[in-house]
1. Taking Cα centroids, how far is segment 317-385 from segment 211-231 in Å?
2. So how do 158, 108 rank on accessible area, 1.4 Å probe, biggest first, that is with the largest at the start?
3. Heavy-atom accessible area per residue, segment 367-408, 1.4 Å probe: how many Å²?
4. By what distance, in whole Å, do the Cα atoms of the chain stretch along each of the three principal axes, largest value first?
5. Ignoring everything but the protein chains, give the 1.4 Å probe accessible area of residue 17 in square angstrom, nearest 10.
6. If you roll a 1.4 angstrom probe over the protein chains with everything in place, what fraction of the accessible area of the chain belongs to carbon and sulfur, to the nearest %?
7. So how exposed is residue 199, as accessible area in Å² (1.4 Å probe, rounded to 10)?
8. Mind checking segment 311-408 for GluC sites (Glu not before Pro) that DSSP puts in a loop (not H, G, I, E or B) and that have at most 14 other Cβ atoms within 10 Å?
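The values are calculated or read from the model by the stated rules, or taken from the named source; none is laboratory data. Not measured: the values here are computed from a predicted model. In this analysis, Cβ positions are derived from the backbone assuming ideal geometry, glycine residues included, and neighbour counts consider all displayed protein chains. To get the accessible areas, we keep the full protein, side chains included, count just its heavy atoms, and leave off ligands, DNA and RNA. Shrake-Rupley method; radii C 1.70, N 1.55, O 1.52, S 1.80 Å.
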Amino acid sequence: MADHFFHNEMPDFVPESTEETTVEGVEDSLLKLLSLPYPILAERFKRAALDLKETIVLETWGLRGRRVKDFSLYTGALGTAFLLLQSFQVTNNRDDLNLCSDIVRACDSASRGSGVVTFICGRAGVCALGAVAAKQAGDERLLDYYINQFKQIKLPKDVPDELLYGRAGFLWACSFLNKHIGEGTIPPSYTGVVVNEIIKSGRTLSKNGSSPLMYEWHGKKYWGAAHGLAGIMHVLMHMQLKPDEEEDVRGTLCYMIKNRYPSGNYPSSEGSDSDRLVHWCHGAPGVILTLAKAAEVFGGEEFLRAAGDGGEVVWNRGLLKRVGICHGVSGNAYTFLALYRLTGNVEFLYRAKAFACFLLDRAQKLISEGKMHGGDRPYSLFEGIGGMAYLFLDMIEPSKARFPAYEL
């Protein structure tokens, strides 16, 4: 188990100070970052993020002759566009917005006929991000074009239900448009048909189980955010649901809490006894983000308490030997940001800061030494340093931070 993560030697809490201090077991450079006044640290994050952004743009766009092979947000060019849009939100640099639009345009051509319908891996993400970028640029013609293209997307009959490739991933794109373009851009009459299919599918598969809803992807009943229950429940909580559907979502999350591991971590799939993965895609981090949403939607202490329990797992075992947001330190930092936003407890903000400072201080060195995995696609948003750059931008105003392409 320890092979997958670094032992977390960071103090449980370091108050902000301008004085240099030393704590046993922690290198001075990391401790200095942890103790910096937040405005100074935020400026460090900003500078690092913008430097990384330049490298990412060069590697994923400039050196490729502005051609797109992989258009996806997950590992491809759309992830660079998403990062550029976030950079524009922080800096108001119009060059970032213009470049974002250029990359989306190339992804628009590359994604036609792909057959993938989701935000993270498919054409819905291209059209939705294109529409938002067009609105930011004040280009009504382009905005209308992308909205119309989005509404032409047809879901195949055999499409799965999960987030990366399935119905939930399409619905997330609908919610993204409604948030950033305006409520009703994609009306409930449009999304309701898809919601009904997801609920129907989940009830059918759960008939012999104790969870109200259950789903299968590639022969496994996954629990995590990427392919399973956590991701699907998270998306459904953003939809208009009937009372019995709400109860099924709530009951499914309660089933997950009841059947988690004694450690507070969550199985990657139904019946798994391997308490190993602490990732956004599989394990506590993705489930925590969903439980935080459930605490907002349903209220009560159960979801909040379970999310906090999962936070302890991430603090102790979530300093992964990978950099990305899907299965790396960058993604795990967002669990603490969600808990901070939900509770206002500054200890959660400290933990997010600690994970981000670990990356700021050590990630590049550890990657160069082969002690940390930089990702199979090292400049991508979900596997590589693109996610780290996105996290650093989010750390500038942590109360506004959202896990990219998952939290709204």
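1. If we compute the Cα centre of each part, the gap is 25 Å.
2. Numbers: 158 130, 108 10 Å².
Ranked from most to least accessible, the order is 158, 108.
3. 34
4. Largest to smallest, the principal-axis extents are 59, 50, 35 Å.
5. 40
6. Working: 7890 of 16840 Å².
Taking all protein chains in place, the chain shows 47 percent carbon and sulfur surface.
7. 0
8. Details: sites: 312, 347, 369, 383, 407; in loops: 369, 383, 407.
Taking segment 311-408 and a limit of 14 other Cβ atoms within 10 Å, the loop GluC sites (Glu not before Pro) found are 369.
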